[in-house]
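One structure is given here, and the rest of the page talks about it.
The values are calculated or read from the model by the stated rules, or taken from the named source; none is laboratory data. Everything numeric here is computed off the predicted structure, so don't read it as measured data. All Cβ positions, glycine included, derive from the backbone under ideal geometry; neighbour counts span all protein chains shown. Each accessible area value is taken on the protein alone, full model and side chains, heavy atoms only, with ligands, DNA and RNA left out. Shrake-Rupley method; radii C 1.70, N 1.55, O 1.52, S 1.80 Å.
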Amino acid sequence: MNYQVNEKGYYGEFGGAWIPEMMFANIDELQKRYLEIIENDDFKTEFNSLLKDYVGRPSPLYYASRLSERYGSQIYLKREDLNHTGSHKLNNTVGQILLAQKLGKTRIIAETGAGQHGLATATVCALKGLQCVVYMGALDVKRQESNVKKMKMLGAEVVPVYSGNQTLKDATNEAMRDWISNPGDTHYIIGSVVGPHPYPDMVARFQSVISAEMKTQLLEKTGSELPARVMACVGGGSNAAGAFYHFLDHPEVELIGVEAAGKGIETKETAATLAVGTPGVLHASKTYLMQNRDGQITEPYSISAGLDYPGIGPLHAHLFKTGRARYLAATDEEVLQAVLLLTRLEGIIPALESAHALAALEKITLRPDEATVVCLSGRGDKDMQTYLDYFGY
Amino acid sequence: MNIENRINQLFRKKDRNIFSVYFTAGYPRLHDTAAIIELLEQNGVDLVEIGIPFSDPTADGPVIQRSNDAALKNGMSLELLFEQLAKVREKVRIPLALMGYFNPVYQFGVERFCRRCRETGIDGVILPDLPLEEYQEHFQPFFAENNLHNILLITPQTPDDRIRKIDAASSGFLYMVSSSSTTGTGKKVEDFHREYFERVHDLQLKNPRLIGFGISDRATFENACRYANGAIIGSAFVKSLDSSDPLEQVIARFAAEITGRR
Ligand SMILES: Cc1ncc(COP(=O)(O)O)c(C=O)c1O
């Protein structure tokens, strides 16, 4: 089985570039040039040096001993929360800002849900002195206020989006409209493995550093490069794509993605696309979507702004369809319990998104002699208000 | 299926100042569809584009976004739209095209959609997010079998060789997007890409061209007509429907404003 994108931008039957003609010139240029640019030695040197000295990589692989004890198994946390700006998102934005410069672009746009991708984009724009506009659903502007303030301090313009549910999907629509209107000077830094080809592959490659490091670190710590399983939360699916990437062709490694069940996959208030969705086309990609019979996208719900999206990257659609990866879903309630558990057992306050992966530890069988790596995609600073309200401190 | 497609008939009879109007089905009220089409024809419109509303219209500006949302809230769907259009050909003779995003059509079934179009008397389809390559690889026969034109877009960024490729793959007419923008964002007449219009003109394409996006009044309409066979007005018409006056009045006033006829 092949898990890489083909020359037309498809993973099996999913993906492609279902763009309106207005985006053709930009997407065509990216498709033709992205590999040549990012595989270039000078590019790699600069990218790797920024990952090391600016992002702070490699991120530690931490053996969570008390969590392991609790589950009677061996649990490792891939500490993407320790990256500069507090999540895995910076891996991708560092790559894309270098690419944008090679393309001669001077203005950067991005969509954001939790604000982590917006923050990571605003950060690299400050680093490189490029203009930055971040689209963010008006609801998310409210629930992730601290990230909005950081983006503004970094010099980005944050544009609240009032359409739809005022969340990530709507922010993405608006960013696409901006790009249609500003095709010349602007590069759109998409924040996950979604959107038209080549974004899913490009973002997965930038995030693949996560699993590349895991292998080396596992070898050192366990004597084997391969764990029994890798678990990650899935919104669009970029931290999961990065965490799975170098294990895709090792079928003995179980891959588990965890979606946001919201109030439960049997309710309407969910964002678990693979659990309730069907194939369709949104944001220029053919993938699983939450939609009604008429093909209208239904509004997702999750307590976590970063997973509150009615689609999923086409790589994950393919891994799901072929059975290479398994996808579970965790409810808001289960996630908040997982937040508290990690906080009290390990002294780490995780992001709401990342806690979905932790919550799924409750749902699977873990053996004493197995190593499980959980991708801890981000830290909980941005979610403190939610935590304080819920736990009542 | 021996009848000539009405879009071809139109361009055979008239090659200048073609007045085309877009509206969103289900807006302002759910059951206005047939009445709007009839009134547009009565007021001299040559070609009507009936918008299939979608939850996420990424190529549209605020006015059409709002009409899409409202139409969906009103209960519009593709199934219902075809029901509403079932009798439209008893009265209306001008060509009709359906315009929308790919996903609702995909869920309906592309082949079934094309068949229903023919049964209803639809002459063309405009799906901006169905790219040329996907169309050719998967769907072209369904359109051909049903005597249906798939209308493709070109933009100021489309390179000449691709314009030629799109022209070769097109029938009916080419939808020429006026400037780099979403619908209705009203870049001014002076900002129009004269260079682009002239470049496309000089390519000697086989298909006629209509210019759309940002055509909002008589001045922009006439300007567009200088460079193409006609123009398409969307947002400005949809906005005019916000009026509380009866549809008859609103549409007559709108058409008179654009064409200068009374
Ligand atoms: C910490 C964190 N993890 C995960 C995600 C979800 O994105 P993805 O599925 O692309 O990793 C987000 C998105 O905002 C995030 O902030």
At 1.4 Å probe size, with every protein chain present, just tell me what the per residue accessible area of the protein assembly as shown comes to in Å².
37
Can you give me the relative contact order of the stretch B:6-259 as a percent, contacts being Cα pairs under 8 Å and 6 or more apart?
22
Whole-percent carbon and sulfur share, accessible surface of the stretch B:6-259, 1.4 Å:
45
Short version: ³J(HN,Hα) in whole Hz for each residue of the stretch B:174-179, in order, from phi by Karplus 6.51 cos²θ - 1.76 cosθ + 1.60 (θ = phi - 60°), x for Gly and Pro, what are they?
9, 8, 9, 6, 5, 8
For the residue pair A:Asp369 and A:Gln4, what label-to-label distance in nm results when each label sits 7 Å from Cα along the Cα-to-beta-carbon direction?
3.5
Just to be sure I understand: with springs between alpha-carbon atoms less than 10 Å apart, which residue in B:Gln140, B:Gln157, B:Gln65 has the highest mean-square fluctuation in the Gaussian network model of chain B?
B:Gln157
Out of the total accessible area of chain A (probe 1.4 Å, heavy atoms of protein only), what percent is carbon and sulfur?
51
Between B:Glu222 and B:Arg253, what is the FRET efficiency for a Förster distance of 22 Å, r being their Cβ-Cβ separation, to the nearest 0.05?
0.75
Averaged over every viewing direction, what's the projected area of the C-alpha convex hull for the stretch B:6-259? Give it in nm², one decimal, please.
12.0
Using the Karplus curve 6.51 cos²θ - 1.76 cosθ + 1.60 with θ = phi - 60°, work out ³J(HN,Hα) for each residue of the stretch B:48-59 in order, rounded to whole Hz, and write x for Gly and Pro.
10, 10, 9, x, 8, x, 9, 5, 9, x, 6, 9
Neighbour cut-off at most 12 other Cβ (10 Å), DSSP loop, trypsin sites (Lys or Arg not before Pro), the stretch A:276-351
A:Arg293
Gaussian network model of chain A, springs between alpha carbon atoms under 10 Å - residue of A:Asp249, A:Asp332, A:Asp42 with greatest fluctuation:
A:Asp42
Extension gain B:Gln204-B:Gln9, at 0.36 nm per residue separation less the Cα-Cα distance, in nm?
68.1 nm
Please work out the Cα center distance from the stretch A:278-301 to the stretch A:305-323, rounded to the nearest Å.
11
Cα-centre dipole for the stretch A:211-292 with unit charges at Cβ (Lys and Arg positive, Asp and Glu negative), debye to 20:
260
Could you please state, rounded to a whole Å, how far the C-alpha centre of the stretch A:169-206 is from the C-alpha centre of the stretch B:5-40?
34
Cβ-Cβ FRET estimate between A:Asp28 and B:Arg112, R0 fixed at 22 Å, reported to 0.05
0.10
When the chain is fully extended, how far beyond the present Cα-Cα distance does A:Tyr63 get from A:Ala138, taking 0.36 nm per residue of separation?
23.2 nm
CD proxy, 222 nm, the protein assembly as shown: helix-only mean residue ellipticity via -39,500 (n - 2.57) per DSSP H run with n ≥ 4, per residue, nearest 500, stands at -12000 deg cm²/dmol
Take the Cα radius of gyration of the stretch B:146-262 and divide it by 2.2 N^0.38 Å, with N its residue count; two decimals is plenty.
1.14
So if each residue of separation counts as 0.36 nm, and I subtract the Cα-Cα distance between B:Arg261 and B:Asp245, what length gain in nm does that give?
3.7 nm
Among A:Asn48, A:Gln217, B:Gly172, which residue has its Cα positioned farthest towards the positive end of the charge dipole of the protein assembly as shown, with +1 placed on the Cβ of Lys and Arg, -1 on the Cβ of Asp and Glu, and the dipole taken about the Cα centre?
B:Gly172
Could you name the aspartates and glutamates whose alpha carbon sits less than 19 Å from that of A:Lys149, not counting residues in the same chain fewer than 8 places away?
A:Glu111, A:Asp140, A:Glu157, A:Asp381, A:Asp383
Per residue, the convex hull enclosing the alpha carbons of the protein assembly as shown has a volume in Å³ of 148
Under 5 Å between amide hydrogens, which residues at least 5 positions from A:Arg379 or on another chain qualify, with H placed 1.01 Å from N in the peptide plane?
A:Ala351
Count, lysine Cα pairs under 26 Å in the stretch B:6-259, 8 or more residues apart or across chains
12
For the stretch B:6-259, with the dipole built from +1 on Lys and Arg beta-carbon atoms and -1 on Asp and Glu ones, taken about the Cα centre, which of B:Leu30, B:Leu40, B:Ser67 lies farthest toward the positive end?
B:Leu40
Two-site FRET efficiency, A:Leu388 against B:Glu195, from Cβ-Cβ distance with R₀ of 56 Å, rounded to 0.05
0.45
Antiparallel bridges, percent of DSSP beta bridges restricted to the protein assembly as shown (to nearest 5):
20
Size of the dipole of the protein assembly as shown about the Cα centre, Lys and Arg at +1 and Asp and Glu at -1 on the beta carbon, nothing else charged, in debye to 20?
720
In Å and whole numbers, how far do the C-alpha atoms of chain A stretch along each principal axis, longest first?
56, 45, 42
